[in-house]
Amino acid sequence: MKQIIKNYIGGEFVNPTNDEWIDNLNPSNGEVYGKIPNSSVKDIQMAVDAAKKAFPIWSNSTLNKRSEILAKIARLIQEKQQELATAEAKDNGKPLALAKKIDIPRASSNFQFFANAITQFSSDSHESVGYDAFNFTVREPLGIVGCISPWNLPLYLFTWKIAPAIAAGNCVVAKPSEITPLSAFLLGEICNQAGLPKGVLNIVHGKGSSAGEAIVKHPEIKAISFTGGTITGSHIAKIASPMFKKLSLELGGKNPNIIFSDCNYEDMLITTVRSSFANQGQICLCGSRIFVEEGIYEKFKKDFIAEVGKLKVGNPFDESTDIGALVSKKHLEKVKSYIDASEDYGGKILYGGEKVNIEGCEKGYYLQPTVIEVKDNQCRLNQEEIFGPIVTLMPFKKEKEVIEMANGVKYGLSATLWTNNLNRTMRVSKCLEVGVLWVNTWLLRDLRTPFGGMKASGIGREGGFEALRFFTELKNICIKY
Ligand code: NAD
């Protein structure tokens with residue numbers, strides 16, 4: 001039986017008003033397994049109406065009440081871990097084991113974190129000494145906000161926006177990626193079970209160019225929190241900026257992984273395999289450009305390729321799979337086109353590069369993890385976000401040289417640095433043009449910390465109180481006594 005996904009508006013599951021639907025595919029076998037609404041402006045208007053109705057009560061609810069409901073959603077996500085992880089593997093092609101270990105626990109933590117954070121969120125006061133006046137600053141919810149998320153970490157990133165938005169007292173119109181809608185659909189039912197009042201969260205499915213853009217253009221939606229590609233982010237900014245909407249844009253990356261010979265080699269090697277190929281390399285934080293200090297370059301090359309060779313490409317539902325399917329045929333073709341042209345870009349394939357045929361999943365979108373040696377950081381393989389299981393390798397001699405190469409891209413999301421030298425750690429960290437930097441680790445996240453990118457990787461920061469600041473408007477009240 002086909003899985004029918006519906007819009008979640010005002011606490012109800014409803015068909016799109018135009019009765020138009022989009023096929024939903026399972027990338028592990030290329031089969032259409034369901035359909036989702038191809039929502040239009042009318043559906044977005046219904047979601048806005050529901051959010052508007054819910055806002056006066058929700059924004060005046062006590063922090064304890066909001067916190068309790070968010071914590072209940074967190075618990076229910078945990079309880080439904082198997083079902084939600086299965087949904088992610090089916091929609092995205094990621095290994096089920098990865099979804100169980102990372103995606104779903106993090107989606108739960110997003111709600112639990114903001115359930116706690118909202119009870120600790122405070123504002124400032126300033127006494128104007130000598131003027132007999134006192135200022136206090138209030139942070140008010142914005143009203144209705146829009147949250148739009150991508151396909152690579154579906155529920156993880158969807159909830160990363162929704163949890164702080166509703167914790168701060170807003171009502172939300174949200175759209176998950178049309179490529180991975182199932183976990184967001186299941187979240188609607190969880191919110192009802194947790195007692196989230198109707199209309200506080202509305203989830204509308206459909207294409208970015210229609211449903212997504214209708215959210216961005218809606219005059220009553222006061223802020224847009226968007227995670228996705230840089231081109232889409234720029235398009236959204238062009239629409240939203242003249243409307244003076246608050247904007248948080250988490251966009252693409254082309255992150256450097258800088259390895260000095262004085263690092264803890266074993267830790268670095270194992271983590272670098274993960275930071276290169278986790279989630280089929282489809283994480284905005286993957287270190288896709290690996291720079292290795294000359295003295296250990298040849299050793300690293302040999303050891304890295306040996307480790308990459310141990311990764312098993314396979315059916316996401318097989319527990320022993322390390323690398324599942326890429327998210328779609330279109331994406332597989334895009335990633336493969338870089339591999340096929342790699343020689344023209346001055347690259348030499350050291351490992352991988354071929355599509356993989358998985359028995360029983362012949363129509364799935366599988367690709368070997370691929371390692372390409374490049375000579376010039378300016379080549380397209382090092383300049384463009386490929387967002388798949390591909391990394392490039394390049395040796396470097398000097399600290400200054402590697403900093404220039406690391407910064408020599410339009411993006412500035414994250415970087416990884418491997419060294420045991422404290423002075424070097426400080427010098428290099430201060431020079432790197434990124435929003436997030438990991439030293440001797442990768443993707444170790446503390447949800448209190450600010451998250452976001454510089455340059456073409458976005459504007460604004462989410463995470464911790466930064467997210468609560470984004471989803472609130474400041475008002476200063478000055479009282480003379
Ligand atoms: P995308 O930009 O194609 O789509 C993202 C979302 O935006 C989807 O829900 C899509 O339907 C919607 N959308 C598309 N066009 C729209 C429009 N005109 N108006 C409104 N919404 C629109 O990105 P994607 O292919 O889903 O995701 C991959 C990209 O996301 C990569 O570039 C990756 O680096 C980036 N990403 C960034 C972060 C981060 O935190 N910086 C995290 C994950 C992914």
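Per the conditions (1) touching a strand residue (DSSP E or B) at 6+ places or on another chain (Cβ under 6 Å); (2) without any contact (Cβ under 8 Å) to a residue 24 or more places away in the chain; (3) open to solvent by 70 Å² or more (accessible area, probe 1.4 Å), the sole criterion not satisfied by residue 46 is (2). Considering the range 334-361 alone, what residues qualify as being more than 19 Å from residue 307 (Cβ to Cβ), open to solvent by 40 Å² or more (accessible area, probe 1.4 Å) and in contact (Cβ under 8 Å) with a residue 40 or more places away in the chain? The answer is 334, 360.
Taken over the range 162-183, the criterion of being closer than 15 Å to residue 47 by Cβ, more than 10 Å from the ligand (Cβ to nearest atom) and of a type outside the set (Val, Ile, Thr) is satisfied by 165, 170, 171. Just to be sure I understand, how many residues within the range 1-36 are in contact with a Lys or Arg (Cβ under 9 Å, 6 or more places away or on another chain), more than 30 Å from residue 362 (Cβ to Cβ) and not aliphatic (A, V, I, L, M)? Total meeting the criteria: 8.
Inside the range 195-211, residues that are within 9 Å of the ligand (Cβ to nearest atom) and assigned to a loop (DSSP other than H, G, I, E, B) make up a count of 2. Between 98, 63, 25, 70, the distinction of being over 30 Å from residue 357 (Cα atoms) and touching a residue at least 60 places away in the same chain (Cβ under 8 Å) belongs to 70 only.
Residue check: residue 214 meets all listed conditions (1) more than 9 Å from the ligand (Cβ to nearest atom); (2) in contact (Cβ under 8 Å) with a residue 12 or more places away in the chain but one, namely (1). Applying the criterion of at least 2 residues that are within 14 Å of the ligand (Cβ to nearest atom) and in contact with a strand residue (DSSP E or B) (Cβ under 9 Å, 6 or more places away or on another chain) to the strands (runs of 3 or more DSSP E) found wholly in the range 229-342 leaves 246-250. Contact annotation: no residue pair with Cβ atoms under 7 Å, 6 or more positions apart or on different chains, pairs a residue in the range 385-411 that is open to solvent by 40 Å² or more (accessible area, probe 1.4 Å) with a partner that is at pLDDT below 95 and part of a helix (DSSP H, G or I).
Residue 216 falls short on exactly one of the conditions (1) of a type in the set (Val, Ile, Thr); (2) in a helix (DSSP H, G or I); (3) open to solvent by less than 20 Å² (accessible area, probe 1.4 Å); (4) out of contact with any strand residue (DSSP E or B) (no Cβ under 8 Å at 6 or more places or on another chain), and that condition is (4). Scan the range 137-145 and give yes if some residue there is in contact with a Pro (Cβ under 6 Å, 6 or more places away or on another chain) and either within 16 Å of the ligand (Cβ to nearest atom) or open to solvent by less than 10 Å² (accessible area, probe 1.4 Å) (or both), otherwise no. No, there is no match, as no residue in the range 137-145 is in contact with a Pro (Cβ under 6 Å, 6 or more places away or on another chain) and either within 16 Å of the ligand (Cβ to nearest atom) or open to solvent by less than 10 Å² (accessible area, probe 1.4 Å) (or both). Residues of the range 424-452 that are open to solvent by 40 Å² or more (accessible area, probe 1.4 Å) and aliphatic (A, V, I, L, M): 426, 437, 439, 443, 444.
The values are calculated or read from the model by the stated rules, or taken from the named source; none is laboratory data. Note that the structure is a prediction, hence the values are computed from the model and not measured. Cβ atoms come from the backbone with ideal geometry, glycine included; neighbour counts cover every protein chain shown. When the accessible area is computed, the model is the full protein with side chains, heavy atoms only, and any ligands, DNA or RNA have been set aside. Shrake-Rupley method; radii C 1.70, N 1.55, O 1.52, S 1.80 Å.
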